Amino acid sequence: MSFIPNPLITDIIRRIGSQGFRYLGPFIAAGPWFKEIVYSREVLLDVDLDEFMFNTRLGREESIYRPFLLRCAAEGHKTARYIESLRRLTQVGPSVEALEMLGEVAYSDLYTLFAFAVILL
């Protein structure tokens, strides 16, 4: 795609991803060039992961979507870090690392603040 500049393609894919993470699947399958753009920091920080909140099976270890969630969490996506920290705290067991991960995003919204307070108790 030499006729469309990279920053423009990245912005388009970022806006598509902000509508839902499933819309990024065709770009990942399209080839390594698009896959690299989808896994860029700009796209991973802005992708909509609300479906992970309401369908918790997507974040399980056996889920095919889990690697994508972990990539988002590694880049600092607040929802991804919230979901992964809750999974670790409830399934693996309390740890300082998981509690710190939840604490980093605890003040981003009311749900995370409530979860952080409950876990601290």
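The values are calculated or read from the model by the stated rules, or taken from the named source; none is laboratory data. All figures in this text were calculated on a predicted structure; none of them were measured in a lab. We place every Cβ from the backbone using ideal geometry, glycine too, and count neighbours over all the protein chains shown. Surface accessibility is based on the protein's heavy atoms, side chains included, excluding ligands, DNA and RNA. Shrake-Rupley method; radii C 1.70, N 1.55, O 1.52, S 1.80 Å.
Here are a few things to note about the model shown:
- Separation of the Tyr23 and Met53 label points, Cα + 7 Å toward Cβ, nm: 1.8
- The calculated P(r) of the chain, using every Cα pair and 10 Å bins from 0, goes 13, 42, 28, 13, 3, 0 in percent.
- Counting only GluC sites (Glu not before Pro) that DSSP places in a loop and that have at most 11 other Cβ atoms within 10 Å, the longest clean stretch of the chain runs over 1-60.
- Segment Tyr107-Asp11, length gained on full extension (0.36 nm per residue, minus Cα span): 31.8 nm
- Accessible-area composition of the chain, carbon plus sulfur, in percent [1.4 Å probe]: 59
- Nearest-0.05 FRET efficiency for Arg66 and Trp33, computed from C-beta distance (R0 25 Å): 0.55
- Annotation for the range 1-52 versus the range 60-117: alpha-carbon center distance of 22 Å.
- Estimated FRET transfer efficiency (Leu45, Ala117; beta-carbon r; R0 25 Å; 0.05): 0.45
- Probe 1.4 Å, protein heavy atoms only - accessible area per residue of the range 22-106 in square angstrom: 57
- Per residue, the convex hull around the alpha carbon atoms of the range 56-114 comes to 76 Å³.
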